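Have a look at the structure below before the remarks.
The values are calculated or read from the model by the stated rules, or taken from the named source; none is laboratory data. Remember, it's a predicted structure, so these values are computed and weren't measured experimentally. Positions of Cβ are generated from backbone atoms using ideal geometry, with glycine treated the same way; all protein chains shown enter the neighbour counts. Surface accessibility is based on the protein's heavy atoms, side chains included, excluding ligands, DNA and RNA. Shrake-Rupley method; radii C 1.70, N 1.55, O 1.52, S 1.80 Å.
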Amino acid sequence: MLFRSWIAIAVSSAPKQQQVQKPREPLRVDPNSEDKAVFKTIQLAVNKASPNDHIVLMTNITEGRVSVSNKENLVIESTQGRQVTWTFPDTLPEKESEKMLAVASSSGFELKNVNLDGAQKADVLITLYGTCPGLKLTDLELRLFKRRGVSIVSCAGAAGQPVVLSNLRFI
């Protein structure tokens, strides 16, 4: 009995083209905008965000609790040339008044150049927890909170990617 095996190998001489991914446009937030491409709330923009997205706060905003969980390399910042104020609302259900911003297990998350105003209603302005290598809070003014400006609960960076708090002003 004679058995024959054939193996076919496809070889391409054309060089592989690397696809360069064009950065996405920033996700803009302005509660007063009529533009349908602009988000009315920070939470809606966070929910829509993909890895490496940039959320730009175009104007001062009043918004309650915002949750950021498992969002990789997400940046939230004021529009260029101004420092936007994010104010906690006067009325919210009691259990929602604990935290203004909760960030959980979000590597590379960054919040910068924003004023956070708890309006003496928010217990905590920012809560960080979970594994967050490379997380940065930079150039923030934290004011009028009831208990804590920043609460860090079992939040960890990684070797070469620490959690960094820089230029935070507590008023």
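Set side by side, the residues LEU111, LEU128 differ, and just one is surrounded by 18 or more Cβ atoms within 10 Å (Cβ to Cβ) and farther than 14 Å from LEU168 by Cα, which is LEU128.
Considering only residues that are charged (D, E, K, R), surrounded by 16 or more Cβ atoms within 10 Å (Cβ to Cβ) and more than 22 Å from VAL164 (Cβ to Cβ), which ones fall in the stretch 40-86? Of everything in the stretch 40-86, those that are charged (D, E, K, R), surrounded by 16 or more Cβ atoms within 10 Å (Cβ to Cβ) and more than 22 Å from VAL164 (Cβ to Cβ) turn out to be GLU63, ARG65. Applying the condition of being free of Cβ contacts under 8 Å to residues at least 24 places away in the same chain and surrounded by 14 or more Cβ atoms within 10 Å (Cβ to Cβ) to the stretch 27-39 and asking which residue is farthest from LEU135 (Cα to Cα) yields VAL38. Checking the stretch 14-30 against the condition returns a match, with at least one residue being assigned to a strand (DSSP E or B), more than 30 Å from ALA156 (Cβ to Cβ), basic (Lys, Arg) and at pLDDT 95 or above.
Here's the yes/no breakdown for (1) assigned to a strand (DSSP E or B); (2) out of contact with any Leu (no Cβ under 7 Å at 6 or more places or on another chain); (3) at pLDDT below 95:
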residue	(1), (2), (3)
TRP86	yes, no, no
VAL103	yes, no, no
LEU116	yes, no, no
ASP139	yes, yes, no
PHE145	no, no, no
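Among the residues of the stretch 57-81, those identified as touching a strand residue (DSSP E or B) at 6+ places or on another chain (Cβ under 6 Å) and in a loop (DSSP other than H, G, I, E, B) are MET58, ASN60, ARG65, THR79.
Just the residues that are on the phi > 0 side of the Ramachandran plot and surrounded by 14 or more Cβ atoms within 10 Å (Cβ to Cβ), please, taken from the stretch 142-163.
The answer is LEU144, and nothing else.
For the structure I just gave you, tell me whether GLU77 is of a type outside the set (A, V, I, L, M, F, W, C), under 18 Å from VAL150 (Cβ atoms), modelled with pLDDT of 95 or more and in contact with a Lys or Arg (Cβ under 9 Å, 6 or more places away or on another chain). Against the criterion (of a type outside the set (A, V, I, L, M, F, W, C), under 18 Å from VAL150 (Cβ atoms), modelled with pLDDT of 95 or more and in contact with a Lys or Arg (Cβ under 9 Å, 6 or more places away or on another chain)), GLU77 qualifies. The numbered conditions (1) in a loop (DSSP other than H, G, I, E, B); (2) open to solvent by 30 Å² or more (accessible area, probe 1.4 Å); (3) not hydroxyl-bearing (Ser, Thr, Tyr) are all true for ALA122 except (2).
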